[in-house]
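Asks: Before I ask anything, let me first share the structure, which is written out below as structure tokens.
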Amino acid sequence: MSFTKLDELGHKLEALEHALAILGADEATHMAVGGGEKRADAMASLAGMLHARATAPEIGDWIVSAEDEALNDDQQAALREFGRHYENLTCLPSEFVERQMTARMRSEQLWRDLRGKNDWAGFLPSLENVVSLVREEAAMRADRTGLDPYDAMMEQYDPGNRAADITPVFTELKSFLKAFVPEALAVQEERLAKSPLKPLSGSYPVERQRELGLAMMAAVGFDLTHGSLAVSHHPFCGGVPTDVRITTRYRTSEFLSALMGLLHETGHALYEQNLPAQWAHWPLGRARGMAVHESQSLFVEKQLGRNPAFWVWALPVVEKHLGEEWSMDDILPHVHHVERGLIRVDADEVTYPLHVILRYELEQELVSGRLEVADIPEAWNAKMREYLGLSTIDNFADGPMQDVHWPGGAFGYFPSYTLGAMMAAQQWDALKHVHPSVDEDISRGRFDALNDWRRKEIWSQGSRWSTPELMQRATGEKLAAHHFTDHLRRRYGRA
């Protein structure tokens, strides 16, 4: 039977994907600097092998033949995803995949070295090479799918996302935020005038912060027998569902940025660890796109980690590990602090979407060729001034060199962050409707009901449904931005 052949193929592809994922996580955390060139070569070869096997001509015949076989509902859903993945993969020849993997790996390695040196000029040729390959990739994908080149890139991360649909939503959100950020800052200033901010700065050894992070991860549901925590230049969640690799970065002068970043990555990890294991070797068993993935990470970071109820439980845990005692009045102004800042991963939930929209707009220009790589700093600075009133002139490390996405060739990914924030707020409202006592549960350190709802509605579904269908089934309505803007108004606006 043809579906049996696809099933067997799935196991073989899963093994290669497993190897690549673990090699990539190791490269970003533990690999010696001198190992970079050979690691890039090894991963490029494995990526080429994976791509060649996953795009073999006979697979297309198996997919067509399997459509006439007697399949159960799961198998029919799996066949649909096999077909979508096959079409996506056959856009690119294996030779190109190997060449692009090598360029991405070497670009990321150079970025790690040069970002700390603020060396844009040294990094520019490498990024130009990556963008050239991205344009080549986008053209091939567009030719195969009939989509606009940028839409064809987004299709890899969130099937069905189209710039024509996203841009109006982002334009509306941008307009709201440009007016709301000053309001939120004014409200914050009024509150601080009545109760001055108590500094949470001090000396927090990395090992103590690490132990605090592990305790938080375990409490909210992370399975430490199937995952681990390490340090990297840029926080990420990688690995595979049975061996999830989380990373963060620490500052010994404060602890909230590392902790919030860790909660964000734990949200990703919970999704991965709870995907349907019986479908693990099928595309059906994977996460349903990056917007959904970001909704899970932002749910934990924002709806949970910045929820006052969370800190009722968390403060004693923080005191235990860091040795300092704070009250709710001490911690919440920091947890809810709004500030115009340069760094996306450190941004608060009010200003964060503006960072994403900036990148979304610029990378469309880069993919189309309307913006050249050498002109990124000027364009970046102009938008940063307009949206957040900040300058990045000559500050490349905190400007266009701050993210790993472009060095790694991940164009079309950024919209997922803000779409995910909207989805997280909508999921929270749906959860509260079903479990009105969820805040009380959280304040007692009880996360089971919260996780059970997400496991049933999101995690266990894998890629069975499209993103709009998944949201409709989980929340009872299509994605609606008002859940997010209402959330911001409640937490940061005038009562």
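The values are calculated or read from the model by the stated rules, or taken from the named source; none is laboratory data. What you are looking at is a predicted structure, and each value in this text was computed from that prediction instead of being measured. Cβ sites come from the backbone with ideal geometry, for glycine too, and all protein chains shown count toward neighbours.
Asks: Only one of Glu319, Glu325 is without any contact (Cβ under 8 Å) to a residue 12 or more places away in the chain, acidic (Asp, Glu) and part of a loop (DSSP other than H, G, I, E, B); which? Reasoning before the result, please.
Replies: On the way: Glu319 fails: part of a loop (DSSP other than H, G, I, E, B).
After applying the criteria, what remains is Glu325.
Asks: Would you check which residues across segment 333-373 are charged (D, E, K, R), over 18 Å from Phe396 (Cα atoms) and assigned to a loop (DSSP other than H, G, I, E, B) and list them? Explain how you work it out, then say what you get.
Replies: Here is the first cut: in segment 333-373, the ones charged (D, E, K, R) are 339-340, 344, 346, 348-349, 359, 361, 363, 365, 370, 372.
Subsequent filtering for residues that are over 18 Å from Phe396 (Cα atoms) retains 339, 348-349, 361, 365, 370.
Listed by number, the residues that qualify are Glu339, Asp348, Glu349, Arg370.
Asks: Name the pairs whose Cβ atoms lie under 9 Å apart, with the first residue in segment 365-392 and free of Cβ contacts under 8 Å to residues at least 24 places away in the same chain, the second of a type in the set (Ser, Thr, Tyr) and surrounded by fewer than 17 Cβ atoms within 10 Å (Cβ to Cβ), and 6 or more positions between them or separate chains?
Replies: Between residues of segment 365-392 that are free of Cβ contacts under 8 Å to residues at least 24 places away in the same chain and residues that are of a type in the set (Ser, Thr, Tyr) and surrounded by fewer than 17 Cβ atoms within 10 Å (Cβ to Cβ), the close pairs are Asn381/Ser391; Arg385/Ser391.
Asks: A further question on this structure: State the number of residues belonging to segment 57-66 that are loosely packed, with under 13 Cβ neighbours inside 10 Å and of a type outside the set (Asp, Glu).
Replies: Residues meeting the conditions: 2.
Asks: So Val335 ticks every box in (1) over 25 Å from His234 (Cβ atoms); (2) touching a Phe, Trp or Tyr at 6+ places or on another chain (Cβ under 7 Å) but one. Which box is left unticked?
Replies: (1)
Asks: Going through Ala291, Ala269 one at a time, which residue ends up being touching a helix residue (DSSP H, G or I) at 6+ places or on another chain (Cβ under 6 Å) and either in a helix (DSSP H, G or I) or modelled with pLDDT of 95 or more (or both)?
Replies: Ala291
Asks: Would segment 264-282 turn up any residue that is under 23 Å from Asp398 (Cβ atoms), within 20 Å of the chain's Cα centre (by Cα) and either crowded, with 22+ Cβ neighbours inside 10 Å or not assigned by TED's automatic domain parsing to the domain that holds Tyr86 (or both)?
Replies: yes
Asks: Listed residues Asp452, Asp403, Asp394; which is surrounded by fewer than 16 Cβ atoms within 10 Å (Cβ to Cβ), outside any helix (DSSP H, G or I) and not hydrophobic (A, V, I, L, M, F, W, C)?
Replies: Testing whether each residue is surrounded by fewer than 16 Cβ atoms within 10 Å (Cβ to Cβ), outside any helix (DSSP H, G or I) and not hydrophobic (A, V, I, L, M, F, W, C) leaves just Asp394.
Asks: Could I ask something else about it? Filter segment 303-327 down to the residues that are in contact with a helix residue (DSSP H, G or I) (Cβ under 6 Å, 6 or more places away or on another chain) and charged (D, E, K, R), then identify the one that is surrounded by the most Cβ atoms within 10 Å (Cβ to Cβ).
Replies: Looking at residues that are in contact with a helix residue (DSSP H, G or I) (Cβ under 6 Å, 6 or more places away or on another chain) and charged (D, E, K, R), I get Arg306.
Asks: As an exercise: evaluate Pro196 against (1) assigned to a helix (DSSP H, G or I); (2) without any contact (Cβ under 8 Å) to a residue 24 or more places away in the chain and give the number of the one condition it does not meet.
Replies: (1)
Asks: With in contact with a helix residue (DSSP H, G or I) (Cβ under 9 Å, 6 or more places away or on another chain) and outside any helix (DSSP H, G or I) as the only criterion, which of Leu275, Leu298, Leu284 stands out?
Replies: Details: Leu298 fails: outside any helix (DSSP H, G or I); Leu284 fails: outside any helix (DSSP H, G or I).
The unique qualifying residue is Leu275.
Asks: Of the residues Gln156, Gln209, which single one is modelled with pLDDT under 90, over 30 Å from Arg489 (Cβ atoms) and assigned to a helix (DSSP H, G or I)? Spell out the reasoning first.
Replies: Numbers: Gln209 fails: modelled with pLDDT under 90.
Just one listed residue meets the conditions, Gln156.
Asks: Continuing with the same structure: For the structure I just gave you, tell me whether Arg494 is over 20 Å from Arg286 (Cβ atoms), assigned to a helix (DSSP H, G or I) and either touching a residue at least 60 places away in the same chain (Cβ under 8 Å) or out of contact with any helix residue (DSSP H, G or I) (no Cβ under 9 Å at 6 or more places or on another chain) (or both).
Replies: no
Yes/no matrix, rows are residues, columns are (1) farther than 20 Å from Phe447 by Cβ; (2) among the small types (Gly, Ala, Ser); (3) modelled with pLDDT of 95 or more; (4) out of contact with any Gly (no Cβ under 6 Å at 6 or more places or on another chain):
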| site | (1), (2), (3), (4) |
| --- | --- |
| Pro316 | no, no, yes, yes |
| Gly341 | yes, yes, yes, yes |
| Thr351 | yes, no, yes, yes |
| Gln364 | yes, no, yes, yes |
| Ser368 | yes, yes, yes, yes |
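Asks: Given the criterion closer than 29 Å to Tyr387 by Cα, at pLDDT 95 or above and assigned by TED's automatic domain parsing to the domain that holds Arg370, identify the matching residue among Leu197, Leu173, Leu214, Leu177.
Replies: After applying the criteria, what remains is Leu177.
Quick grid of which residues meet (1) of a type in the set (A, V, I, L, M, F, W, C); (2) surrounded by 15 or more Cβ atoms within 10 Å (Cβ to Cβ); (3) closer than 25 Å to Pro283 by Cα; (4) in the same structural domain as Thr485 (by TED's automatic domain parsing):
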{"position": "Asp68", "(1), (2), (3), (4)": "no, no, yes, no"}
{"position": "Arg80", "(1), (2), (3), (4)": "no, yes, yes, no"}
{"position": "Gly83", "(1), (2), (3), (4)": "no, yes, yes, no"}
{"position": "Trp111", "(1), (2), (3), (4)": "yes, yes, no, no"}
{"position": "Val134", "(1), (2), (3), (4)": "yes, yes, yes, no"}
{"position": "Met153", "(1), (2), (3), (4)": "yes, yes, yes, no"}
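Asks: Could you run through segment 56-92 and say how many residues are assigned to a loop (DSSP other than H, G, I, E, B) and under 27 Å from the mean Cα position of the chain (by Cα)?
Replies: Residues flagged as assigned to a loop (DSSP other than H, G, I, E, B) and under 27 Å from the mean Cα position of the chain (by Cα) within segment 56-92 amount to 3.
Asks: I want to confirm something. Restricting to segment 465-485 and keeping residues that are among the charged types (D, E, K, R) and modelled with pLDDT under 95, which single residue is farthest from Pro353 (Cα to Cα)?
Replies: Residues of segment 465-485 among the charged types (D, E, K, R): 469, 473, 477-478.
Then keep just the ones that are modelled with pLDDT under 95; that gives 469, 477-478.
Numbers: Glu469: 24, Glu477: 22, Lys478: 20 Å.
Restricting to residues being among the charged types (D, E, K, R) and modelled with pLDDT under 95, the top hit is Glu469.
Asks: Name the single residue, out of those in segment 455-490 being small (Gly, Ala, Ser) and part of a helix (DSSP H, G or I), that is nearest to Leu304 (Cα to Cα).
Replies: Ranking the qualifying residues of segment 455-490, first place goes to Ala474.
Asks: Quick check on Arg455: is it touching a residue at least 24 places away in the same chain (Cβ under 8 Å) and farther than 28 Å from Asp158 by Cα? Spell out the reasoning first.
Replies: On the way: touching a residue at least 24 places away in the same chain (Cβ under 8 Å): yes; farther than 28 Å from Asp158 by Cα: no.
Judged against the criteria, Arg455 is not a match.
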